[in-house]
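Here's the structure we're looking at; comments come further down.
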Amino acid sequence: MGTLFVVGRPLETETLLVTLEGLVAQGEEVHVIFVQGGVGNAADEKLVRRMSFASSISCLDADAEVVDGVKQVDFNGWVRLIEGCEKIVSWT
């Protein structure tokens, strides 16, 4: 279970990272998926490395450039992530 963060925009501040770190520190399992305008984050090696505490980091775009640690998923993979998490947060 856990919380799925759906990230639909470029990350320009530390707010999401701080939020994720805080949840993990409280024992929460977090998953991140980059969609739409947020898929560019999947190519940011520094950002992905900082999110390494996440249970999973995914990207919903088969053509997007991604770095190690990011799994590219199709629509069915996204649905599985949604079904596997008890909470969903849209970060758009």
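The values are calculated or read from the model by the stated rules, or taken from the named source; none is laboratory data. The model shown is predicted, which means the values in this text are computed figures rather than measured ones. Because the Cβ atoms are built from the backbone with ideal geometry, glycine has one as well, and the counts that use them run over all protein chains shown.
Structure notes:
- With respect to being of a type outside the set (S, T, N, Q) and touching a Ser or Thr at 6+ places or on another chain (Cβ under 9 Å), G27 falls outside the description.
- Just so you know, in segment 21-60 the residues that are closer than 16 Å to G8 by Cβ and of a type in the set (G, A, S) include one that is nearest to the chain's Cα centre (by Cα), and it is S58.
- Of all residues in segment 29-46 being of a type outside the set (A, V, I, L, M) and out of contact with any strand residue (DSSP E or B) (no Cβ under 6 Å at 6 or more places or on another chain), the one that is farthest from W78 (Cα to Cα): K46
- Matching entry among L20, L11 (being of a type outside the set (D, E), touching a helix residue (DSSP H, G or I) at 6+ places or on another chain (Cβ under 6 Å), outside any strand (DSSP E or B) and buried (at least 16 other Cβ atoms within 10 Å of the Cβ)): L11
- In segment 56-67, the residues that are free of Cβ contacts under 8 Å to residues at least 60 places away in the same chain reach residues that are surrounded by fewer than 16 Cβ atoms within 10 Å (Cβ to Cβ) and of a type in the set (K, R) with C-beta atoms within less than 8 angstrom, at least six apart or across chains, in these pairs: S56/K71; I57/K71; S58/K71; C59/K71.
- Once segment 39-76 is narrowed to residues that are charged (D, E, K, R) and part of a loop (DSSP other than H, G, I, E, B), the residue that is farthest from A25 (Cα to Cα) is D63.
- All conditions but one from (1) at pLDDT 95 or above; (2) exposed (fewer than 13 other Cβ atoms within 10 Å of the Cβ); (3) over 18 Å from L20 (Cβ atoms) apply to A43; the one that does not is (2).
- Residues located in segment 62-81, provided they are more than 10 Å from I33 (Cα to Cα) and either aromatic (F, W, Y) or in contact with a strand residue (DSSP E or B) (Cβ under 8 Å, 6 or more places away or on another chain) (or both): A62, A64, V66, G69, F75, G77
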